[in-house]
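To start, the structure itself, in structure tokens.
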Amino acid sequence: MLELYHSVNSVCAQKVRVVLAEKGLEYQDHLMTLRGDQFDAEYMKLNPNAVVPTVVHDGRPVIESSVILYYLDEAFPKPPLMPRDPHARALVRQYNKLIDEYVHNSCTILTFATAFRPWFAGLSGEEIERKLAKSPSKQRTEYKRDVALHGLDSKYVRDAVVYHRRLLEMMDTSLARGPWLAGEAFSLADAAVIPYILRLELLRLHRMWERLPRIDAWYERMRSRESVKKELLERMRPQDRAPFDKLEVDAWSKVEKLAWEC
């Protein structure tokens with residue numbers, strides 16, 4: 001039996017839902033608000049990091065989204081989502097490593113500097129810190145505090161743009177060799193990356209890849225894939241889209257110079 005603790009807008013949860021759909025796996029759905037329920041004692045027994053997603057398989061939790069992707073492919077090997085070629089397999093792991101080490105925090109920075117910034121409107125730095133105090137990651141708390149106060153003028157935004165550009169350029173290089181990020185077939189690399197590209201579009205930053213047309217073609221292939229339609233595009237309810245639909249800041253005008261200088 002599989003259980004999934006997740007939220008609709010979590011990029012980490014989105015990649016896991018895509019893989020579950022690709023494999024045709026059913027699961028018990030535990031939808032979380034992430035407005036404090038991630039700190040509930042019972043949930044933190046499953047995931048001490050107080051983040052989503054968490055997969056529970058036959059009563060045993062698996063945490064960390066990249067680890068979950070590999071776990072699902074090993075526990076449920078059909079259809080396989082890791083290439084057979086060792087170089088292609090290494091490339092899948094390189095995508096996940098880049099995301100884990102740099103892109104995910106960069107996505108958090110850009111999201112909280114724009115769409116989620118109104119959650120902290122009118123609060124001082126100290127009040128924001130108190131609101132985020134339960135988070136086990138003090139580094140991510142600092143990112144959120146600074147971007148909540150300064151928006152796209154935060155000292156962290158430049159590096160966030162740099163790391164997204166690094167991902168986009170890596171994608172463009174991969175797509176010069178084949179239709180998918182790790183070769184001729186859809187893989188865990190595509191599942192891992194798609195939530196971050198969708199998030200850039202939701203933040204009105206899709207022009208970051210306007211000079212990289214291979215990414216547009218890949219994005220259209222991904223958006224037409226049933227797993228992506230079901231678990232990303234159609235899963236978002238009006239309340240999930242609201243923070244992005246209400247964006248007032250022209251994020252692109254703020255990051256355009258950075259995007260092409262990086």
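The values are calculated or read from the model by the stated rules, or taken from the named source; none is laboratory data. In this text the structure is predicted, and so the values were computed from the model without any measurement. Don't worry about glycine lacking a Cβ; one is built from the backbone with ideal geometry, like all the others, and counts go over all protein chains shown. Areas reflect the complete protein model, heavy atoms only, side chains present, ligands, DNA and RNA absent. Shrake-Rupley method; radii C 1.70, N 1.55, O 1.52, S 1.80 Å.
Using Cα centres only, tell me the gap between the stretch 182-251 and the stretch 1-31 in whole Å. Centre-to-centre (Cα) distance: 17 Å.
Here the accessible area of the chain is 50 percent carbon and sulfur, with a 1.4 angstrom probe and all protein chains present. With the convex hull drawn around the C-alpha atoms of the stretch 1-144, the volume per residue stands at 111 Å³.
Annotation for the stretch 121-156 versus the stretch 67-86: alpha-carbon center distance of 37 Å. Pairs of Cα atoms nearer than 8 Å and 6+ residues apart set the relative contact order; for the chain it is 23 percent. The heavy atoms of Asp245 offer some 100 square angstrom of accessible surface to a 1.4 angstrom probe. Taking Ala191, Ala242, Ala113 as the candidate residues, the one with maximal mean-square fluctuation in a Gaussian network model of the chain, Cα springs under 10 Å, is Ala242. For the chain, no complete DSSP H run has alpha carbons reaching 24 Å or more along its own long axis together with a mean Kyte-Doolittle score of 1.6 or higher. Note on Glu169/Ser253: beta-carbon distance plugged into 1/(1 + (r/R0)^6) with R0 of 22 Å gives a FRET efficiency of 0.50.
In this structure the chain gives 48 Å² per residue of accessible area when probed at 1.4 Å with all protein chains present.
How much FRET efficiency would the formula 1/(1 + (r/R0)^6) give for Glu127 and Glu26, where r is the Cβ-Cβ distance and R0 is 51 Å, rounded to 0.05? Please list the in-between numbers first.
On the way: r = 43 Å, r/R0 = 0.84.
Plugging the Cβ-Cβ distance into 1/(1 + (r/R0)^6) gives 0.75.
Give me the percent of DSSP beta bridges within the chain that run antiparallel, rounded to the nearest 5. For the chain, the DSSP antiparallel bridge percentage is about 70. If you plug the beta carbon distance of Lys230 and Lys78 into 1/(1 + (r/R0)^6) with R0 = 22 Å, you get a FRET efficiency near 0.70.
The length gained on full extension between Arg93 and Glu184, counted as 0.36 nm times the residue separation minus their Cα-Cα distance, comes to 31.1 nm. Here the peptides 53-60, 21-28, 89-96 are ranked by packing, the mean other Cβ count within 10 Å, and the order with the highest first is 89-96, 53-60, 21-28.
What shape does the stretch 59-100 take by its C-alpha gyration tensor, where a ≥ b ≥ c are the square roots of the eigenvalues and a/c under 1.5 counts as rounded, a/b above b/c as prolate, and the rest as oblate? In terms of gyration-tensor shape, oblate.
Shape verdict for the chain, please, from the Cα gyration tensor: rounded (a/c under 1.5), prolate (a/b greater than b/c) or oblate. Mind dumping the intermediate values first?
On the way: a/c = 1.78, a/b = 1.12, b/c = 1.58.
Oblate.
Altogether, the Stokes-Einstein calculation at 37 °C and 0.692 mPa s, with the Kirkwood radius of the stretch 88-207 over Cα pairs as Rh, returns a diffusion coefficient of 214 µm²/s.
Distances over 15 Å make up what percent of all Cα-Cα pairs in the stretch 162-242? Walk me through the numbers on the way to the answer.
Numbers: 1823 of 3240 pairs.
Result: 56 percent of Cα pairs exceed 15 Å.
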